[in-house]
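The values are calculated or read from the model by the stated rules, or taken from the named source; none is laboratory data. Everything quoted here is computed from the prediction, not taken from an experiment. Here the Cβ is made from the backbone with ideal geometry for all residues, glycine too, and neighbour counts use every protein chain on show. These accessible areas exclude ligands, DNA and RNA; they are computed on the full protein's heavy atoms, side chains included. Shrake-Rupley method; radii C 1.70, N 1.55, O 1.52, S 1.80 Å.
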There are 2 protein chains.
Amino acid sequence: MSAIDELVRNNDAFASGRYPGSQSGTPSTGVAVVTCMDARIDVYAMLGLRPGDAHVLRNAGGAVTEDVIRSLTLSQRLFGTQEVALVHHTDCGMLKVREQELKERVQRETGLRPPFALEAFTDLDDDVRQSIARVKASPYLPSTFEVRGFVYEVHSGRLREVVAVR
Amino acid sequence: MSAIDELVRNNDAFASGRYPGSQSGTPSTGVAVVTCMDARIDVYAMLGLRPGDAHVLRNAGGAVTEDVIRSLTLSQRLFGTQEVALVHHTDCGMLKVREQELKERVQRETGLRPPFALEAFTDLDDDVRQSIARVKASPYLPSTFEVRGFVYEVHSGRLREVVAVR
């Protein structure tokens, strides 16, 4: 049995018991959360969200890539969200490696050097500010009323605010 | 008070009470989950995950974009994941719009036509298969032992498996 088989079994228990029933696909809070794929971040528990409350975007590092701009554009155009909460976190894998070393490692292990940025970064708070600046600079996100940047401290479960921009 | 202020208050309660404490950043199941940003999908509840169990990647549609390939590459290279669970869902916003209409709408509302694909699709099961094929075709993901594709039925909370590839 693969690990995914076990997750499917868990889903069966969830659908049979804890599932809260249908909600609207339009986020009730008007918030889109952007954060890292890190396994320790249970976004709904961390922010007290219920199903239906907020869009959740996640990738390696919580980087504001073109794909995040695409997703936020659709979040604002099709679903009317107006606030963005960006959450990076302590002990992030992308903070422990350098971009060039990482590209060389991928090349060594897969045979190919990625033509895309891997989005490694060196300073957590600086990268939160950089990410917020990318959201603010995007011409596709004119409906952004508020962008807030946080660091999630994985040892305590606590968010620390780095920057707020309106 | 903005909606984000309320989420920050929720986090305070979470960190003070329910936070399970530190875990390792290496996913214990070896699984990376790729799914949509849709607000109704609480991934940890849906799959019975605990913090530390799996990487979670989310964007508009759960599309396998370059950013998802980047994130999966790092998931496999830095954290050793070997299984990918791709989850699309019923009632998806990306299923209700056509790519060209969507681009025109973004242009009309923001003044700019996006140069990037918005990743609208017309058939849910076909798009799951297409997304799985993109993962399998990527030369950056040689460690993929298993890729499974699902549709999450938002009215029932239940996963329906579409395709499994090894």
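So is A:ASP67 open to solvent by 10 Å² or more (accessible area, probe 1.4 Å), in contact with a strand residue (DSSP E or B) (Cβ under 6 Å, 6 or more places away or on another chain) and under 29 Å from B:THR81 (Cα atoms) or not?
Judged against the criteria, A:ASP67 is a match.
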Flagged in region B:1-31 as more than 7 Å from chain A (Cβ to nearest Cβ) and touching a residue at least 40 places away in the same chain (Cβ under 8 Å), in numbering order, are B:THR26
Subset of region B:151-166, residues more than 8 Å from chain A (Cβ to nearest Cβ) and closer than 19 Å to A:PHE14 by Cα, comes to B:VAL151, B:TYR152, B:GLU153, B:ARG160
From the option list A:GLY48, A:GLY62, single residue qualifying as among the small types (Gly, Ala, Ser), more than 20 Å from B:ASP91 (Cβ to Cβ) and surrounded by 24 or more Cβ atoms within 10 Å (Cβ to Cβ) is A:GLY62
Determine whether region B:33-54 contains at least one residue that is free of Cβ contacts under 8 Å to residues at least 40 places away in the same chain, over 15 Å from A:VAL43 (Cα atoms) and within 7 Å of chain A (Cβ to nearest Cβ).
no
For region A:112-139, pairs from a residue that is away from every other protein chain (no Cβ under 14 Å) to a residue that is in a loop (DSSP other than H, G, I, E, B) and open to solvent by 40 Å² or more (accessible area, probe 1.4 Å), with Cβ under 8 Å and 6 or more apart or across chains, are A:THR122/A:ARG98
